[in-house]
Amino acid sequence: MEYDTYPSCSLDARRQAQAGRDNIYLPDQAIIRNIIRENSLVNTYELTLVDELANHRFSFQPGQFMMISMPHLGEAPISFSSSPDGEDGFSLTIRNSGRLTAAVQQLRAGDIIGVRGPYGRPFPADRLEGKNLLFVAGGIGLAPLRPLIEYWLSRPDEAGNLTMFYGSRTPEEFCFNRDFSRWEQNGLNLRLTVDQTAEEWDGSVGLVTSLLDGYTIDDETMALVCGPGIMIRFVFKQLQAMGMKAENIITTLERHMKCGVGICGHCHMEEKLVCIDGPVFTAAELPDPDNP
Ligand SMILES: Cc1cc2nc3c(=O)[nH]c(=O)nc-3n(C[C@H](O)[C@H](O)[C@H](O)COP(=O)(O)OP(=O)(O)OC[C@H]3O[C@@H](n4cnc5c(N)ncnc54)[C@H](O)[C@@H]3O)c2cc1C
Ligand code: FES
């Protein structure tokens, strides 16, 4: 599928775009190079910007997101899920959860999707350097953490110990399982758990919080937590009960967004706007850590 620009885009906006891209809402076109099926609801899309110069200049940082779009179906924020060091575009991992994301699942390699960004405050690389990093992820929550894992695994001299506790409802629902053995070979201490027992599963069964039992927290440890709101809430509570300071626990939040750039106010969380003040926040920055 190909399109030149949005049918609803005004002539003025098209002229502005041709004159120098003054319209911040005008998406770029990205071509789908490859689609990887993660599970029955989630695909990873490997994308490259169609404009060669824009593609050459494009970069992002772990934790940032793109607004994706298709004609007549609106836009949605989606986190980057590939290494920020990749030279051939970027990946987005998308769960079929509504109108736009269901339509994206119908796309094939070679099709075009609208993208604008990168947007949002990334994970703070300066605060993570040299620290022991504890990644705690649930389900598709691993997607925004994957760029960070790739980033630190490729800089072993700048990172401390890397540990990941990853939970999924069933073994089939783990995302990125093709990466697991490479990550372990490169130094990630990986523990997996599933909510329900399954026939071909001989690993841990239980919530991801159960993997935290026995883990030792010190002042050199930072936690990166991403998953469903309820998981984030219980992991925050447990980490703090284990002695971790709220400013050393970092998460990335989801809110309904319209503009993605701090104009519409749709994503407000008390006085903060998730699209520009976040989506990455420490537990200390959240107005209500019990309801992230
Ligand atoms: C920063 C950020 C990063 C994200 N990263 C990812 C990612 O990497 N992968 C991914 O799959 N998803 C990600 N999401 C979530 C994704 O943006 C949403 O699932 C997206 O809105 C789905 O769009 P849709 O049009 O397909 O669904 P919609 O049709 O918008 O519906 C999605 C769900 O939200 C409900 N909904 C819709 N509008 C509203 C509203 N105004 N108020 C309350 N509920 C509403 C619907 O009933 C439905 O249950 C991210 C969100 C944020 C904010
Ligand atoms: S989405 Fe518009 S202000 Fe955040």
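The values are calculated or read from the model by the stated rules, or taken from the named source; none is laboratory data. Note that the structure is a prediction, hence the values are computed from the model and not measured. Glycine gets a Cβ as well: all are built from the backbone with ideal geometry, and neighbour counts include every protein chain shown. Heads up: the accessible areas ignore ligands, DNA and RNA and are worked out on the full protein's heavy atoms, side chains in. Shrake-Rupley method; radii C 1.70, N 1.55, O 1.52, S 1.80 Å.
When Rg and the Kirkwood radius Rh are both evaluated on Cα atoms of segment 125-285, their ratio Rg/Rh stands at 0.97.
The reciprocal of the average 1/r between distinct C-alpha atoms defines the Kirkwood hydrodynamic radius, which for segment 11-119 equals 14.3 Å. The calculated FRET efficiency for the pair I230 and L26, based on their C-beta separation and a Förster distance of 41 Å, comes to about 0.65. Mean-square fluctuations from a GNM of the chain, with a 10 angstrom spring cutoff on Cα atoms, peak among Q196, Q185, Q64 at Q185.
The alpha carbons of segment 137-218 give a radius of gyration and a Dmax of 13.0, 40 Å, in that order. Just the protein heavy atoms count here, and of the accessible area of segment 125-285 at 1.4 Å, carbon and sulfur take up 46 percent.
If R0 is 22 Å, what FRET efficiency do you get for C264 and K237 from their C-beta distance, rounded to 0.05? Walk me through the intermediate numbers first.
Working: r = 33 Å, r/R0 = 1.48.
Result of the calculation: an efficiency of 0.10.
Label separation (F180 vs R99): 3.8 nm, computed from points 7 Å beyond Cα along the C-beta direction. Computed from the Cβ-Cβ distance with R0 of 25 Å, the FRET efficiency linking T197 to R255 stands at 0.15.
Treating cross-link reach as a plain straight distance, find the lysines whose alpha-carbon is under 26 Å from the alpha-carbon of K258, omitting any fewer than eight places away in the same chain. The qualifying lysines are K272.
Comparing M222, F281, T163 along the charge dipole axis of segment 125-285, the residue lying farthest to the positive side is F281, per the Cβ-charge model. Between the C-alpha center of segment 185-240 and that of segment 102-145 there is a gap of 19 Å. Given the options G262, G139, G214, state which has the largest fluctuation in a GNM of the chain using a 10 Å cut-off (strictly under) for Cα springs. So, out of G262, G139, G214, the one fluctuating most is G214. Averaged per residue, segment 69-123 has 40 square angstrom of accessible surface, using a 1.4 angstrom probe with ligands and nucleic acids left out.
For segment 200-292, give me the percentage of DSSP beta bridges that are antiparallel, rounded to the nearest 5 percent. Let's see the in-between values first.
Numbers: 5 of 8 bridges.
For segment 200-292, the DSSP antiparallel bridge percentage is about 60.
For segment 145-274, the residue among C264, L211, T193 whose Cα projects farthest onto the positive side of the dipole built from Cβ charges is C264. Listed by chain and number, the lysines whose C-alpha is less than 22 Å from the C-alpha of K237, apart from same-chain residues fewer than 8 away, are K131, K245.
Count the DSSP beta bridges whose two residues both fall in the chain, then state the antiparallel fraction as a percent rounded to the nearest 5.
Values: 33 of 58 bridges.
Close to 55 percent.
GNM remark for the chain: springs join alpha carbons under 10 Å apart, and the peak mean-square fluctuation among F123, F58, F174 falls on F58.
For I35, project a label point 7 Å along Cα to C-beta. Then give me every residue of segment 116-144 with its amide nitrogen under 20 Å of that point. Inside the label zone: 116, 140, 143. Principal semi-axes of the equivalent ellipsoid, √(5λ) from the alpha carbon gyration tensor of the chain, are 33, 21, 18 Å from largest down. For the chain, the 222 nm mean residue ellipticity estimated from helices alone, with every DSSP H stretch of n ≥ 4 adding -39500 (n - 2.57) and the total spread over all residues, rounds to -5500 deg cm²/dmol.
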